[in-house]
Amino acid sequence: MEPRRLTVVRETARLPWTLAIAALAISGWMAWEKFGPQDIGDPIATSLAAFERQNRLTVFSAQLAPVVSASDERIGGLLQSRQVAVIPARVDYTLDLSKVGRDRLNWDAAAKRLDVRLPPVTVGKPNLDEANAQYLREGVFITREAQAKLNRDNTLLAERQAQTAATNPQLLDLARSAARDAVRQNLAIPLEVAGYGPVTVTVRFDGEPVSGR
């Protein structure tokens, strides 16, 4: 009977070692998952996810001050009035990032460089600040109806003038430059956080040549 009991004792003594080895294996696997080589995924997918969080990005705003004038005549020209107005306006320039898909991104793993091709910057509708407008009125007597018409006419003229000024090539260049900077920052930081380290992001717009490497 003695040998049989000895066998049981030996099997029982082996159990703690089995548990210790299993625990060590689990700890090693967890350490590998945390500190070992990582498959950090698709850099283009990471970039697209960063764009999806923005959707539409305001990259630049221009402060304009259109100077416009309007005239009004009533009672066969007996009542004449004129109003000159300076109406501050703000125009926002935005990027529609929902139009940026995989076809607009190219990842060079060897150079750790992401090339981005953007759609054109969109020039928004002028936002007139009529509360801070300045007016100069001329006329012996300006009726309420004439004043309302002068205001409407000047508002329309100011919107058109601000829209035209906003498409000035110099302002568009400033907006595109701001867009490039914003996109570089919005993509370089998420890629670095995702584990790619310092990454170069090059940005160009539709129709622009690829810059030299």
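Consider region 75-84 and keep the residues that are touching a residue at least 40 places away in the same chain (Cβ under 8 Å) and open to solvent by 40 Å² or more (accessible area, probe 1.4 Å). The one that is nearest to residue 120 (Cα to Cα) is 82.
I'm trying to understand the selection: among the residues of region 85-105, which are free of Cβ contacts under 8 Å to residues at least 60 places away in the same chain and assigned to a strand (DSSP E or B)? Answer for region 85-105, where residues must be free of Cβ contacts under 8 Å to residues at least 60 places away in the same chain and assigned to a strand (DSSP E or B): 86, 90, 92, 94, 96.
When 143, 122 are checked against the criterion of being modelled with pLDDT of 95 or more and hydroxyl-bearing (Ser, Thr, Tyr), a single residue qualifies: 122. Here 165, 158, 179 are screened, and the one residue that is farther than 22 Å from residue 110 by Cβ, touching a helix residue (DSSP H, G or I) at 6+ places or on another chain (Cβ under 8 Å) and in a helix (DSSP H, G or I) is 165. Would region 139-148 turn up any residue that is touching a Gly at 6+ places or on another chain (Cβ under 7 Å), farther than 19 Å from residue 201 by Cβ and either surrounded by 14 or more Cβ atoms within 10 Å (Cβ to Cβ) or not charged (D, E, K, R) (or both)? The answer is no; no qualifying residue exists.
The single condition among (1) outside any loop (DSSP other than H, G, I, E, B); (2) in contact (Cβ under 8 Å) with a residue 24 or more places away in the chain; (3) under 25 Å from residue 50 (Cα atoms) that residue 137 does not meet is (3). Set side by side, the residues 171, 187 differ, and just one is surrounded by 13 or more Cβ atoms within 10 Å (Cβ to Cβ), touching a helix residue (DSSP H, G or I) at 6+ places or on another chain (Cβ under 6 Å), assigned to a helix (DSSP H, G or I) and among the aliphatic types (A, V, I, L, M), which is 187.
Checking the structure you have, find out if any residue of region 155-167 is open to solvent by 60 Å² or more (accessible area, probe 1.4 Å) and hydrophobic (A, V, I, L, M, F, W, C). Yes.
The values are calculated or read from the model by the stated rules, or taken from the named source; none is laboratory data. Worth saying up front: this structure is predicted, and the values here are computed from it rather than measured. All Cβ positions, glycine included, derive from the backbone under ideal geometry; neighbour counts span all protein chains shown. The protein model used for the area step is the full one, side chains on, heavy atoms only, and it has no ligands, DNA or RNA in it. Shrake-Rupley method; radii C 1.70, N 1.55, O 1.52, S 1.80 Å.
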